[in-house]
Amino acid sequence: MQTTIFYNRDNIKENGSKNDINEAFNLWLDIVDPSPSEIFDLQKEFGLDIETLKIVERQAKRPQVRIHENYTFTILLDIRYSTLERLTVRGIYLFNGKDWLITIHSSDVDLLTPIRLLFSQKNKKIVESNIDALYYSMITEIINKYEQLLTSIELTITDFEQKALYTKSSKKILHYLDLVTRQIIVIRRHFWYTRDVMNFLTHMEKDSDDIKYLQIAYDNINQLIELIESYRDTINSSRELFMTNVAMQTHDTIRVLTVINTILLPLTVVTGIYGIFGIDMTKIKSLSQGFYIAALIMIVITLITLWYFKKKRWLFNSDNDFNDTEKSKN
């Protein structure tokens, strides 16, 4: 599928021929999932390098820039989550000539909508400048979408923090944290390569009036790299919260077992002493008065023990008790 847009300061149209370039029109050709025959036609019509087109056919996914005699070839990436466990990376291939720009990408990448929006708003800086302004604006648009990706990662990490604090700890949380860590490493590497591309283009086009678009993109990618670097500390904090939660659960379990043993110990002593004389359970109605005295003593011991643990906040401790304590301190 191909979309062709010709434009200049006076007119924008989506039909025409390459000869319109000679009539002061700029050409943007957007190609989605090209067939081998379409790639061959591009090579023949625009004089594209065969090796460069082979890179497109291989669907290379490393940001890079190559300077050819009559055009600049650039690879950028569309990075997004398809699921929490899967990071999808797709290549966007840009061929920037003197008066023409060719973009090749998969159908999952939408370049047409944001650029059409620029044209519909009649962005004078875009339509009145040469094709480089559109080329740089498109690069900026691609990089701006990375902010949505990092927002998704940040929300995911925040969700893990909440689960680490307020839900029962499980190995699944650690698995997801490790998964996000690996994804961040991959994204950071792609961002580094993208920054190198921006740095190269910025220095190559030092005297261009439209260089500010590249400078904006370069500043944005630097800020995104700094932001993704901070996620490492955030994930480490989430792991620490997880381990703290595990330690607290273990502590609570040991505490409950200790309390149970503490309650049972005096009861065991009492029943042990009384059991020396033996009890005939077949004659439960004729039990001696001492049995009832021993049972009463055990009940009293149990209640006193539970009251003591409650007072020390070792049992039945709730958030309301904590709030009452804070109020009393104030």
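The values are calculated or read from the model by the stated rules, or taken from the named source; none is laboratory data. This is a predicted model, so every value here is computed, not measured. Positions of Cβ are generated from backbone atoms using ideal geometry, with glycine treated the same way; all protein chains shown enter the neighbour counts.
Can you tell me how many residues within the range 176-208 are modelled with pLDDT of 85 or more and not in a helix (DSSP H, G or I)? So the count comes out to 0.
Taking the listed residues 74, 88, the one that is touching a helix residue (DSSP H, G or I) at 6+ places or on another chain (Cβ under 7 Å), in a strand (DSSP E or B) and either hydroxyl-bearing (Ser, Thr, Tyr) or not assigned by TED's automatic domain parsing to the domain that holds residue 6 (or both) is 74, with no other qualifying. Of everything in the range 45-71 that's in contact (Cβ under 8 Å) with a residue 40 or more places away in the chain and part of a strand (DSSP E or B), which residue is surrounded by the fewest Cβ atoms within 10 Å (Cβ to Cβ)? So the residue we want is 67.
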